[in-house]
Amino acid sequence: TNTVRAGAELTRLGELENRVANKRAFGAPADGVLEAGQLERYLQVTNSVMNGLQNRAQELEAKYESLSEGNPSVRQVLNAYADIIKLLVDAKEMQVAALNQAGFSLAEYDWVRQSVLEAAGHGVMQVNLAALAQGEVQEAHGNTRAVPEANVELVQPHLERIGEYLGLAMFGL
């Protein structure tokens, strides 16, 4: 029952995205170069989500550490999945609030996230949460494109922080 309720929460993801205030269309620059302000806003959003999730993630890790040490029951596994789904929905709520504070549209944030990760040398692969909410398991792959040297230089001082955010990026956060 807990898992079914948590799965129903996934349907809220689209509703949460509709709460992003900036609805302006975004056109990526033809040269693909990030602006320093975009990078700072990206770091601000991801840092906000990470800080909000830190305690919850640590609690879940401690709660389910025993699963890796033994032979967990089906109930324990399903409860773990339910907790992870709830964590994802909470993370999306935090992200929407942070996007609004930073003035990002969803399209601009997606482009900036992909550009930052590519410039940092990380492949862009993510779980498609919209598909997951519909009951499908699907990965979304980013475009493979040439990375402007200016972007590599811009993200260089932030590589460690960007690496810490890879777990969020995997879920489009």
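Using the heavy atoms of the protein chains alone and a 1.4 angstrom probe, what is the accessible area of the stretch 1-120 per residue in square angstrom?
Working: 6500 Å² over 120 residues.
For the stretch 1-120, the solvent-accessible area averages 54 Å² per residue.
Counting protein heavy atoms only, the stretch 10-123 has 50 percent of its accessible area on carbon and sulfur, 1.4 angstrom probe. Sequentially through the stretch 48-55, phi angles give Karplus couplings (6.51, -1.76, 1.60; θ = phi - 60°) of 4, 5, 4, 4, x, 8, 3, 5 Hz, Gly and Pro residues having no value and appearing as x.
Database remark: amide H of residue 127 closer than 5 angstrom to the amide H of 140, 171, 172 (H placed geometrically; neighbours at sequence offset of 5 or more, or on other chains; Pro and chain starts carry no H).
Summing Lys, Arg as +1 and Asp, Glu as -1, what charge do residues with Cβ under 14 Å from the Cβ of residue 47 carry, residue 47 excluded?
On the way: positive: 41, 113, 161; negative: 40, 160, 164.
Overall, the nearby charge balance is 0.
The values are calculated or read from the model by the stated rules, or taken from the named source; none is laboratory data. Here the structure is a predicted model, which means the values were calculated and not measured. Every residue, glycine among them, receives a Cβ derived from its backbone with ideal geometry; neighbour counts consider all protein chains shown. The protein model used for the area step is the full one, side chains on, heavy atoms only, and it has no ligands, DNA or RNA in it. Shrake-Rupley method; radii C 1.70, N 1.55, O 1.52, S 1.80 Å.
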